[in-house]
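One structure, as structure tokens, below. Some questions next.
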Amino acid sequence: MVGWIEKSIGDLFEISGGLSASREQLSDVGFPYLHYGDIHGTMQAYIDVCVNKIPCLDVPLNKVSKGALLQNGDVVFVDASEDDEGISRHVVVRNTDNEPFISGLHTIVAKAKNNEIDNQYREYCFQTKAVKSQFKFYAVGTKVQGVNKTTIKDIDLSYPVSLSEQRRIAAVLTDTDELITALEKLIAKKKAIKQGAMQELLSGERRLPGFSDEWVEKKLGDVCEIKDGTHQTPTYVDFGIPFYSVENVTNDDFSNTKYITPAEHRKLTAKYKIERGDILMTRIGSIGVCKYVDWDVNASFYVSLALLKCKSEIDSKFLCLYSQCTQFQKEIELHSLQHAVPKKINLGNISLVTLLIPSTLEEQRAIGEILSDMDEEIDKLTAKLNKYKQIKQGMMSELLTGRIRLKEETDNG
């Protein structure tokens, strides 16, 4: 491709290792220390030692090799990962003040031999499918995989010869990242506001205008019929009737289910069925997680779930929201089988869970409406965020391979 070149990481960078130290040795004293776990733990393509709060290692700098001292533009890769996606995980160092910054345990440091690749472009160019597939090819290990200082040198990188073109590509992707970051912060803020509102509204600490009736204490068994799922593992088929289990509720994903035959479904639902307006609640593993059934459903469910059919004195949407409050979770924990592994709550004990709720359906529904509106706003923002992330992936696929070229802006004035 005209204007693009391919070279190996070994041709472009000097490769060295970090200074090994355990997480237990880190504190607030000493020099910033980049542990490989911190690279795995961030979704950012860079780490700014002048901005980010980074754990420190108390060690004399004369004990640290020159290769392990990180400078502006250095690329730091992990050499160990428990999954394929993490094998190529890395960050580019932002260190404009030239602060002492130590690369740590299970890291590989790549220091540029020249200025062929712009610092900001480095934050994106190692994220292409072509580069990631090479990391997977060279990775060794079984439970823990990774590349080493020798094999990483053989990984090839394709990039524009022109630094100006590199900077234009990086600028476009950086703008998209800034939009994504701004949305992530807004969603986090909205979730915090909703969490605060839930704790106030679902505990009665804050009352909505027009409501003054005393709240009442009820047992979950008083306000719901609580039904059990089948205790026998059915025979699964490729197509048929959905069969829900705890993973569907905890992952909030009912599109990815197992299936049983219509005949077996009829047998399992002879006495009761899941209906729109019911609640599915987990009772094994992550107990007490609830899902409001707001779709027309024809499905069976496993013993890991309980089915709550609300009676006339409680609104099912409200109860599903109430299940997220601290008091409900404490009650679930209190009535669980304390030493069971995995954690479990029996059907009878679910009925003993105590609720403190508004005595009128009107107040329950008013609270539910406010919290549901907040959820809807968060869902819309999350959908927008996911769209931006998909757009960014598409842009990277085109721009970082040269399939789409960005023209240099000219002054037409």
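Considering A68, A80, A139, which residue is of a type in the set (A, V, I, L, M) and within 24 Å of the chain's Cα centre (by Cα)?
Numbers: A68 fails: within 24 Å of the chain's Cα centre (by Cα); A139 fails: within 24 Å of the chain's Cα centre (by Cα).
The match here is A80.
Could you please find all residues in the range 278-295 being assigned to a loop (DSSP other than H, G, I, E, B) and surrounded by 13 or more Cβ atoms within 10 Å (Cβ to Cβ)?
Step one: filter the range 278-295 for residues assigned to a loop (DSSP other than H, G, I, E, B), giving 278, 283, 285-289, 293-295.
Listed by number, the residues that qualify are D278, R283, G285, S286, I287, G288, V289, V293.
Name the one entry in F301, F318 that is of a type in the set (F, W, Y), closer than 24 Å to D373 by Cα and crowded, with 21+ Cβ neighbours inside 10 Å. Write out each step before concluding.
Numbers: F301 fails: closer than 24 Å to D373 by Cα.
Checking each option against the conditions leaves just F318.
When only residues in the range 250-277 that are aromatic (F, W, Y) and in a loop (DSSP other than H, G, I, E, B) count, which is farthest from S323 (Cα to Cα)? Reasoning before the result, please.
Step one: of the range 250-277, the residues aromatic (F, W, Y) are 254, 259, 272.
Imposing the further condition that a residue be in a loop (DSSP other than H, G, I, E, B) reduces the set to 254, 272.
Working: F254: 20, Y272: 23 Å.
Per the stated criteria, the residue is Y272.
Any idea how many residues of the range 219-243 are over 16 Å from R283 (Cβ atoms), part of a loop (DSSP other than H, G, I, E, B) and not hydrophobic (A, V, I, L, M, F, W, C)?
Qualifying residue count, the range 219-243: 7.
With H335, H339 as the choices, which residue is at pLDDT below 95 and of a type outside the set (A, V, I, L, M, F, W, C)?
Details: H335 fails: at pLDDT below 95.
Checking each option against the conditions leaves just H339.
Can you name the condition, by its number, that V341 falls short on among (1) within 20 Å of T269 (Cβ to Cβ); (2) within 28 Å of the chain's Cα centre (by Cα)?
The one condition V341 does not meet is (1).
Of a type in the set (F, W, Y) and at pLDDT below 95: which single residue out of Y272, Y259, Y292 fits that description?
Exactly one residue qualifies, and that residue is Y272.
Pick from the range 118-148 the residues that are in contact (Cβ under 8 Å) with a residue 60 or more places away in the chain and charged (D, E, K, R): which of them is surrounded by the most Cβ atoms within 10 Å (Cβ to Cβ)?
Restricting to residues being in contact (Cβ under 8 Å) with a residue 60 or more places away in the chain and charged (D, E, K, R), the top hit is E123.
Identify the residue in the range 227-264 that is among the aliphatic types (A, V, I, L, M) and surrounded by fewer than 18 Cβ atoms within 10 Å (Cβ to Cβ) and, among all such residues, is farthest from K311 (Cα to Cα). Spell out how you get there, then give the answer.
Looking only at the range 227-264, we keep the residues that are among the aliphatic types (A, V, I, L, M), and these are 237, 241, 246, 249, 260, 263.
After this cut, where a residue has to be surrounded by fewer than 18 Cβ atoms within 10 Å (Cβ to Cβ) as well, the list is 237, 263.
On the way: V237: 35, A263: 30 Å.
Step by step, filter the range 227-264, then rank; the result is V237.
I've got another one for you. Under 8 Å by Cβ, and 6 or more places apart or on different chains, what pairs join a residue from the range 200-213 that is farther than 11 Å from E363 by Cα with one that is of a type in the set (D, E)?
Short answer, once both residue conditions are applied: R206/E200.
Moving to a separate point now. Do you know which of the residues in the range 137-172 that are over 23 Å from M395 (Cα atoms) and basic (K, R) is modelled with the lowest pLDDT?
So the residue we want is K143.
Look at I391 and say whether it is at pLDDT 95 or above, in the same structural domain as S316 (by TED's automatic domain parsing) and either surrounded by fewer than 17 Cβ atoms within 10 Å (Cβ to Cβ) or closer than 21 Å to L280 by Cβ (or both). Show your work before the answer.
Numbers: at pLDDT 95 or above: yes; in the same structural domain as S316 (by TED's automatic domain parsing): no; either surrounded by fewer than 17 Cβ atoms within 10 Å (Cβ to Cβ) or closer than 21 Å to L280 by Cβ (or both): yes.
For I391, the condition - at pLDDT 95 or above, in the same structural domain as S316 (by TED's automatic domain parsing) and either surrounded by fewer than 17 Cβ atoms within 10 Å (Cβ to Cβ) or closer than 21 Å to L280 by Cβ (or both) - is not met.
Do we find that I102 is within 27 Å of I404 (Cβ to Cβ) and buried (at least 18 other Cβ atoms within 10 Å of the Cβ) in this structure? Break it down stepwise before answering.
Working: within 27 Å of I404 (Cβ to Cβ): no; buried (at least 18 other Cβ atoms within 10 Å of the Cβ): yes.
No; evaluated as a whole, the condition is false for this residue.
The values are calculated or read from the model by the stated rules, or taken from the named source; none is laboratory data. Note that the structure is a prediction, hence the values are computed from the model and not measured. Virtual Cβ from ideal backbone geometry, glycine too; neighbours counted across all protein chains shown.
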